[in-house]
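See structure below.
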Amino acid sequence: MMRQCVILLCLGLFLLEPSGSLASPLEITAKSAIVMDASTGKILYEKAAQEQRYPASTTKIMTLIVALEHGNLEDMVTASPKAASTEGSSLWLEPGEKLQLLDLLYGIMLVSGNDATVAVAEHISGSMDNFAKLMTEKAHAIGAKNTNFVNSSGLPDPKHVTTAHDLAKIAAYGYKNPLFTQIVSTKEKVIPWPGKAHDRELYNENKMLWLFDGGNGVKTGYTEDAGRCLVSAARRNDIQLVAVVLDSEYMWDDSMALLDYGFKQLRPVTLFAKGDILKTVKIKDGKARTVALVTSSDMVVPVSGADQEEFKTIIDAPGNIAAPVNAGEKIGVARVMYKDTEIAAVDLLATETVERKSFFGLIWGSVWNFFTFVIKNFA
């Protein structure tokens with residue numbers, strides 16, 4: 001049964017209990033740290049989050065994003081001698097070895113293959129320098145303005161820098177792509193190993209996938225200059241959090257503390273449920289005069305006690321449409337805004353099929369409308 005709901009322009013009309021206590025400061029060993037809600041960008045805790053630092057292999061989050069947006073996942077990528085000889089963590093590529101782009105992306109994110117990042121960069125952009133420019137441009141477009149990439153692996157370079165806040169923004173952007181989410185949350189993966197009697201068995205180095213309830217990403221990193229780094233993430237009750245620790249003594253403990261703290265500050269509020277009627281539109285030349293539009297899925301938003309009035313719903317649908325209309329047809333969109341920025345959207349679907357009137361029905365309708373006009377205006 002469909003339900004009629006009243007659209008509330010702001011969540012201030014919901015009765016909410018106070019959010020989790022902000023009184024107790026966290027004891028974080030990382031030099032820089034942050035935990036952020038991915039959908040709204042709300043910072044729930046930060047420590048020196050704007051200071052530029054070396055990202056180490058957390059760099060590969062942006063490598064993945066750029067590859068997903070600029071590459072063809074079915075392409076076969078050939079490892080160059082330069083790629084195969086890249087120092088550091090490795091997928092053990094041989095010069096001339098060919099692997100599908102998608103398999104290389106799993107190798108990059110699960111076992112931090114530096115050689116795979118070079119192969120991907122050269123395949124997509126022709127050179128590491130060109131690919132790094134794409135990475136930096138994308139970071140700035142996302143809003144990570146204090147970031148500069150010079151390579152796709154995270155190997156040390158004085159000009160290769162970012163901040164905890166920027167990394168959180170980059171990871172949050174990644175979660176808008178379902179394939180990004182799938183890759184960074186994969187615990188193990190088998191990919192081909194040409195020339196070998198067995199395949200490559202990849203096991204994700206990110207222990208948060210096992211340690212933390214709801215853990216679904218993202219990437220570890222370490223160099224002597226950067227220290228221990230981790231971008232972690234978790235999803236609970238339709239709330240996606242991202243946490244970052246840079247140069248941390250105890251990165252697993254720090255990250256779990258940040259995510260636990262973040263979830264305590266938020267509560268999921270169902271703005272509307274699947275099947276709620278958000279609008280009724282008029283039908284021109286249809287056998288029915290109107291059709292109701294219902295939401296295609298639930299819409300849950302992360303609310304803290306202080307910001308519930310910042311959420312608004314905008315219904316983007318026509319006032320009238322022409323017949324015929326099919327049940328389940330997308331007619332409009334309900335957009336959820338947070339501080340004037342769209343954070344989510346859900347399709348509005350027609351509840352029923354409305355057929356177009358027959359020729360004689362249209363003629364009779366025109367005659368009836370004419371007589372109605374005459375009676376109203378000349379009687």
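Listing Ser296, Ser112, Ser39, Ser152 from fewest to most neighbouring C-beta atoms within 10 Å gives Ser296, Ser39, Ser112, Ser152. For the chain, the dipole from Cβ point charges (+1 on Lys and Arg, -1 on Asp and Glu) about the Cα centre works out to 1660 debye, to the nearest 20. For Glu329, the residues whose amide H sits under 5 Å from its own are Ala350, ignoring neighbours fewer than 5 places away on the same chain, with H placed 1.01 Å from N.
Sequentially through the stretch 156-164, phi angles give Karplus couplings (6.51, -1.76, 1.60; θ = phi - 60°) of x, 7, x, 8, 9, 9, 7, 10, 4 Hz, Gly and Pro residues having no value and appearing as x. Label-to-label distance for Gln52 and Glu249 is 2.8 nm, based on points extended 7 Å past Cα in the beta-carbon direction.
Counting helices only, and only those DSSP H runs with n ≥ 4, report the 222 nm mean residue ellipticity of the chain as the sum of -39,500 (n - 2.57) divided by its residues, in deg cm²/dmol to the nearest 500. Walk me through the numbers before you get to the answer.
On the way: 10 runs with 110 residues, N = 379.
Calculated from helices alone, the mean residue ellipticity at 222 nm is -9000 deg cm²/dmol.
Residue by residue, the stretch 129-142 carries 3J(HN,Hα) couplings of 4, 5, 5, 4, 5, 4, 4, 5, 4, 5, 4, 5, 5, 5 Hz when phi is fed to the Karplus relation 6.51 cos²θ - 1.76 cosθ + 1.60 (θ = phi - 60°); x denotes Gly or Pro. Packing, as the average of other Cβ atoms within 10 Å across residues, places the peptides 155-161, 167-173 in the order 167-173, 155-161, highest first.
Multiplying the residue separation of Gln182 and Glu74 by 0.36 nm and subtracting their alpha-carbon distance yields 37.2 nm. Which pairs break 21 Å Cα to Cα here: Lys138/Lys169; Lys274/Lys330; Lys31/Lys133; Lys98/Lys189? Lys31/Lys133, as the Cα separations exceed 21 Å there. Using 0.36 nm per residue and subtracting the Cα-Cα separation, the extra length available between Asp157 and Glu201 on full extension is 12.8 nm.
Put +1 on the Cβ of every Lys and Arg and -1 on every Asp and Glu Cβ in the stretch 64-210; which of Ala83, Met109, Leu93 then has its Cα farthest towards the positive end of the dipole? Farthest towards the positive end: Met109. Calculate the FRET efficiency for Glu87 and Asp213 from the Cβ-Cβ distance with a Förster distance of 45 Å, rounded to the nearest 0.05. Given R0 = 45 Å and the Cβ-Cβ separation, E is 0.80.
With the highest mean first, a sort of the peptides 265-273, 250-258, 333-341, 188-196 on other beta-carbon atoms found within 10 angstrom per residue produces 250-258, 265-273, 333-341, 188-196. The H on the amide N of Lys42, modeled in the peptide plane, is under 5 Å from the matching H of Asp37, each at least 5 residues off or on a different chain.
Identify, among Val294, Ala322, Ala334, the residue whose Cα sits farthest towards the positive end of the charge dipole of the stretch 270-359, taking +1 on the Cβ of Lys and Arg and -1 on the Cβ of Asp and Glu, with the dipole about the Cα centre. Result: Ala322. Could you name the aspartates and glutamates in cross-link range of Lys196, using Cα to Cα under 15 Å and dropping any fewer than eight places away on the same chain? Those aspartates and glutamates meeting the cut-off are Glu94, Glu97. Amide H contacts of Ala233: Asn216, Gly217, Val218, Ala243, each under 5 Å away and 5 or more positions distant or on a separate chain (H built 1.01 Å from N in the peptide plane; Pro and chain starts excluded). Scoring 351-357, 238-244 by mean Cβ neighbours within 10 Å over their residues and listing the highest first yields 238-244, 351-357.
Bear in mind these aren't lab numbers, they're just calculated from the coordinates by the rules spelled out. This is a predicted model, so every value here is computed, not measured. No Cβ is skipped: glycine too gets one built from the backbone with ideal geometry, and neighbour counts run over all protein chains shown.
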